[in-house]
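The block underneath contains the structure these notes are about, expressed in structure tokens.
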Amino acid sequence: MTDRSTARRAPTPPATPTPTPAPTPVFTRSAVAASCVGFVLIGALQALYGPAIPALREEFGLSPSAAGLALSAHFIGGVAGVLLFDRLYGRTGNRRILGASYLLMAAGAAGFALAPNWPTALAAALLAGLGFGGIDYGLNQLFATGFGHRSAALLNILNAHFGIGAILGPALIGAAGADHYPAVFLAFALANLPLLLCLKGVRDRTPQPRESGTATAGTGPLARSLASVLAVFVTLYVLHVGIEAGVGGWEPTHLESVGYGAGLAATATSVYWLMMTVGRFLVAPLALRFSAQAIITVSCAGMTVCLLLAAVPSLAPYAYAGVGLFIAPIFPTGLPWLHRAVPKALRAGAVVIAASMVGGVVAGPALGKVIEWSGIRAVPLLLSAVSAVCLAATLWLTRKTRPGPDAETLRPSSR
């Protein structure tokens, strides 16, 4: 017989699953826009020292090599800023670190403009570089981890704005005149300050990736595999930044050596930097459809072919423009790939970005030494050989980080 109380009991409705709240975004839209402006500023700062060298030499009585120490001090500060930000990341709020970096860069730029002597100017350039490194690493780090599958696309857009600044910086010095470089540096310092107001749109704490016990092992096959992958990433970054700096520094000289006028050679070099900026904007939508491995493989292959074509005098200016287009996506697109491939990617990101800065500093003198015995006309062939190594490194990384049976050696279990 049916139990009446049971018969009259209303059926229990199925439990409605509680929706998982969407994670708080790392950046608001206004903070993303402000970050792009910040990259315009760091690109401009790096490019301001070169055009100011004639005025610096006259004001402080410097030799060309002594005047060039300003950019060296800037890069030394940049490497220190990367390493310092990396030490503080996760311990101190993102807003505080980014705010301090903007203030350091502003103070350094103002100090460089008002320096009464050359040692003070070098100290100010070092200070500005410290802030530069903090912003460069900090925003690249947060963009690489804060946008999921869109990270590569947004990193390309972010770094494209660095190129815009690198183009605008010399233009400002040219418009104002090298003698008025202090006014340009002061204006640059003031331009940093409004960005402090936009930091409230940056999430102060970002989730840290969980590290498994396997990943933290200091020895064994897994640790050796991870160390190998990180070492090859570092090699890729150092060499491709060396190519970037090598083309930018030696393209005018090479073009003049094969019969082009100084004006056309300078214009072609400007086009090279412009194409690097354009390339990053063009790759941003492609990064939503294609893997980082595919994009970087095509980039390295195209870069190698263009450098080989640059050895043909009639094709050289166009080939160098192609190098700028193909090299553009490598730096920003590789960072999300690195973060997916290597556990403890916070440390890995600092290593590759700092190494890339060192590569930019070392590339000029190292290439100059090789050119002394090979001749200036060998520049594109030398760089194409380095580019071929970048391609080989990319293919190796693609194989080692491909999901599949071998993935266990690089992706330890999260259980």
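General observations
- With the highest mean first, a sort of the peptides 282-292, 107-117 on other beta-carbon atoms found within 10 angstrom per residue produces 107-117, 282-292.
- Surface composition of the range 72-171: carbon plus sulfur atoms contribute 69% of the solvent-accessible area (1.4 Å probe, protein chains only, all chains present).
- Expressed as a whole percent, the accessible area of the range 261-339 that falls on carbon and sulfur atoms is 79 (1.4 Å probe).
- Cα gyration tensor shape of the range 289-368, rounded if a/c is under 1.5, else prolate or oblate by comparing a/b with b/c: oblate
- Distances between placed amide hydrogens fall under 5 Å for F27 paired with R203, all partners being 5 or more residues away or on another chain.
- The string of couplings for the range 33-46 from the Karplus curve (6.51, -1.76, 1.60, θ = phi - 60°) is 4, 5, 5, 5, 5, x, 6, 4, 5, 6, x, 5, 4, 4 Hz, one whole number per residue in order, with x for Gly and Pro.
- Per residue, the range 71-169 exposes 34 Å² of solvent-accessible protein surface, assessed with a 1.4 angstrom probe and all protein chains in place.
- Full extension of the chain segment joining A385 with V312 gains 24.7 nm, where the gain is 0.36 nm per residue of separation less the Cα-Cα distance.
- The range 190-196 - phi-based ³J(HN,Hα) in whole Hz, Karplus 6.51/-1.76/1.60, Gly and Pro as x: 5, 5, 6, 5, x, 5, 4
The values are calculated or read from the model by the stated rules, or taken from the named source; none is laboratory data. The structure displayed is predicted, hence computed values, not measured ones. Cβ atoms come from the backbone with ideal geometry, glycine included; neighbour counts cover every protein chain shown. With ligands, DNA and RNA removed, areas are computed over all heavy atoms of the protein, side chains included. Shrake-Rupley method; radii C 1.70, N 1.55, O 1.52, S 1.80 Å.
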